Amino acid sequence: MPIRERGPVTSPASTSATLGDAEVRALRADFPILAEHVGGHPLVYLDSGATAQQPLAVLDAVDDFVRHRNAAVHRGAHTLAAEATEEFEDARATVAAFVGARPEEIVWTTNATEAINIVAYGVSNASVGRGGAEARRFAIGPGDEIVATELEHHANLIPWQELAARTGASLRIVHLEDDGTLREDELASVIGERTRIVAVAHVSNVLGTVTPVERIVALAHAVGALVVLDACQSVPHRPVDVAALGVDFAAFSGHKMLGPTGVGVLWGRRELLDALPPVLTGGSMITTVSLESAEYLPAPQRFEAGTQKVAQAIGLAAAVRYLEAIGMERVREHEERLARRLLEGVSALPGMTVLGPPAGVDRGGLVSLVVDGVHAHDVGQYLDEAGIAVRVGHHCAQPLHRRFGVTATVRASTYLYTTEEEVDAFLDRLASVRSFFRVAR
Amino acid sequence: MTGGLDQLYGDLIVDHAERRVGAGLLEDPDVRSHQVNPTCGDEIWLDLAVDPERPDAVHIAWEGHGCLISQGSASMLAELLDGAPRAELPARIAAVREMLHSRGTIAGDEDVLGDAVALAGVSRYVARVKCAMLAWVALEDAVARLP
Ligand SMILES: Cc1ncc(COP(=O)(O)O)c(C=O)c1O
């Protein structure tokens, strides 16, 4: 294998404690897109929270596989099929180790949205009697409660609304404090005897809030409820050990962690995944099939019906190796430093309001803000004109925005390749947005 | 204003977004259309009421929140078409749509579109065409449902 599949081209497993600006500058060479220009300006990419950019290690791993070993996995006995299957399963083991899981607990999905839906529809299938005796533990109905929170991405809210509607269970919500943290009192009062599932994000994609997962797990498990963790904004940005966190299911997306689009992960505790009824059914997930019925493979294959996203999974494993070579604690620290710079910079500007926890508390490396008198869309356009890419809108979290009395915010999100200079370019441009739109002169 | 943004945020658009001609819903509309731009959550409510004295003409009023483009566009629509003959509305809507989808190739006829010709620059910004169309889509929906 070419050496760069193993890690950053420019910085072989660095040992220095913090990811310094010089090292960040150097590793940017691994990301060809970061050298792009937009409208004549160097691209300042502050939208990694939506989708991250991919290093050469990932592009090359995908390219190399497709050129030399491409074949369907777990089918056929020719050499390419065997090589592809081995690499596909190696990728699973790589991603598993990255999050403290066992390989058979990693289900490849299209993205986090699909992963969460697999749990919701699996529970739904169990609730109508599918999956036999061992699936009965998942069955829910009228009188049972599903708990979600006010900060959820729609991907971790709507599947539970739908599950409640299909089963007759009710959906209950833990609301937010003004500082964007979950209401402690409600956590304790809403999670109760009737609770069967608690769905919560680890890190909010809008506020940056880090939720108290350990406490939620303790509350949920005390009443026999399952915890489904939306780890989309944590796994890419900080060390995460799903087993140590104690949750029951977790979901994340490859494209937010330097990997390709089209691949995500559902993690579940082994005994749960083996008992949860499958959702998509068809080829590759069965043991024996008659014209009347079928027996299903254990996890993860029971959730991987049909021809799989092999190249994407291999690309994701390359992304994970890249992240491991840099070190997730260093990634977290780097983003924390950038978030502080962002927060302090924005707070120093007149007429700006930041949503979410202040600098100094543990939070994700992103900042969402409202500019007095200028709509988020217009702010985004003004930034784009200078080559600065941010996300504007409700970021798939309408209830959260409603909670704070706004329909749209401007979000700048960082990653390991983001520089202080980019943060400053953003702040600089932001400083003139109100005068440009004649709100202040 | 500078460079390309000048074309997008022309003075007329900004001015209309501030003046909000026709803003404020009707007490008793014949039809109300509610439209949302799902990418940003911007919304508009647009009311139509047939003029009791001139049954071929309609009154238009609207309310909403959103970016300068969507608000300016709604204001231009109301200024241009409040009291206009019903039969004329589909052609006006079609003309705006054609201009906005033209990627800068169709300037728009001021006799047909009034101040809304200033929206021509928006057509170069594909991501913003929806913002400019929001009020016109609401009008189209309302006209189709007018008894
Ligand atoms: C917190 C959170 N949950 C879920 C998702 C959904 O991820 P995907 O669209 O990749 O399924 C996202 C990303 O948009 C997210 O930020």
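List of remarks:
- Burial here means at least 50 square angstrom less accessible surface with every protein chain in place than with the chain by itself, probed at 1.4 Å; in region B:107-147 the buried residues are B:R128.
- Inter-part distance where region B:101-147 and region B:28-73 are each reduced to a Cα centre, Å: 14 Å
- Distance from the Cα centroid of region A:197-220 to that of region A:52-107 is 30 Å (rounded to whole angstrom).
- With 10 Å bins beginning at zero, the pair-distance distribution over Cα atoms of region A:212-363 amounts to 10, 27, 31, 21, 8, 3, 1 %.
- With the helix formula -39500 (n - 2.57) applied to DSSP H stretches of n ≥ 4, chain A reaches a computed 222 nm mean residue ellipticity of -11000 deg cm²/dmol.
- Ranked by the mean number of other Cβ atoms within 10 Å of their residues, highest first, the peptides A:353-363, A:70-80, A:234-244 fall in the order A:234-244, A:353-363, A:70-80.
- Neighbouring Cβ atoms from other chains, within 10 Å of the Cβ of residues in B:41-49, number 2 on average.
- The accessible surface of the protein assembly as shown, taken with every protein chain in place and a 1.4 Å probe, is 52 percent carbon and sulfur.
- Pairwise Cα inverse-distance average, inverted: Kirkwood Rh of chain B (Å): 15.0 Å
- Scattering from the protein assembly as shown was approximated by placing one identical point on each alpha carbon and applying the Debye formula without solvent; log10 I(q)/I(0) at 0.07, 0.10 1/Å stands at -0.50, -0.96.
- Applying Stokes-Einstein at 25 °C and 0.890 mPa s to the Kirkwood radius of region A:244-287, computed over alpha-carbon pairs, gives a translational diffusion coefficient of 195 µm² s⁻¹.
- A viscosity of 1.567 mPa s and a temperature of 4 °C, combined with the Kirkwood radius over Cα pairs in Stokes-Einstein, give a translational diffusion coefficient for region A:311-441 of 82 µm²/s.
- Averaged over the residues of B:13-22, the number of partner chain Cβ atoms lying within 10 Å of the residue Cβ comes to 1.
- About the centre of its Cα atoms, the protein assembly as shown shows a dipole size close to 1140 debye [charges on the beta carbon of Lys, Arg (+1) and Asp, Glu (-1) only; nearest 20 debye].
- Amide hydrogen neighbours beyond the local backbone of A:E304, cut-off 5 Å, H modeled: none
- Computed with a 1.4 angstrom probe on protein heavy atoms, the A-B interface buries about 1500 square angstrom of accessible area in total.
- Probe 1.4 Å, protein heavy atoms only - accessible area per residue of region B:3-145 in square angstrom: 43 Å²
The values are calculated or read from the model by the stated rules, or taken from the named source; none is laboratory data. Being a predicted model, the structure only gives us computed values, none of them experimental. Note that we place each Cβ from the backbone using ideal geometry, even for glycine, and neighbour counts take in every protein chain shown. For accessibility, only protein heavy atoms count, side chains too; no ligands or nucleic acids. Shrake-Rupley method; radii C 1.70, N 1.55, O 1.52, S 1.80 Å.
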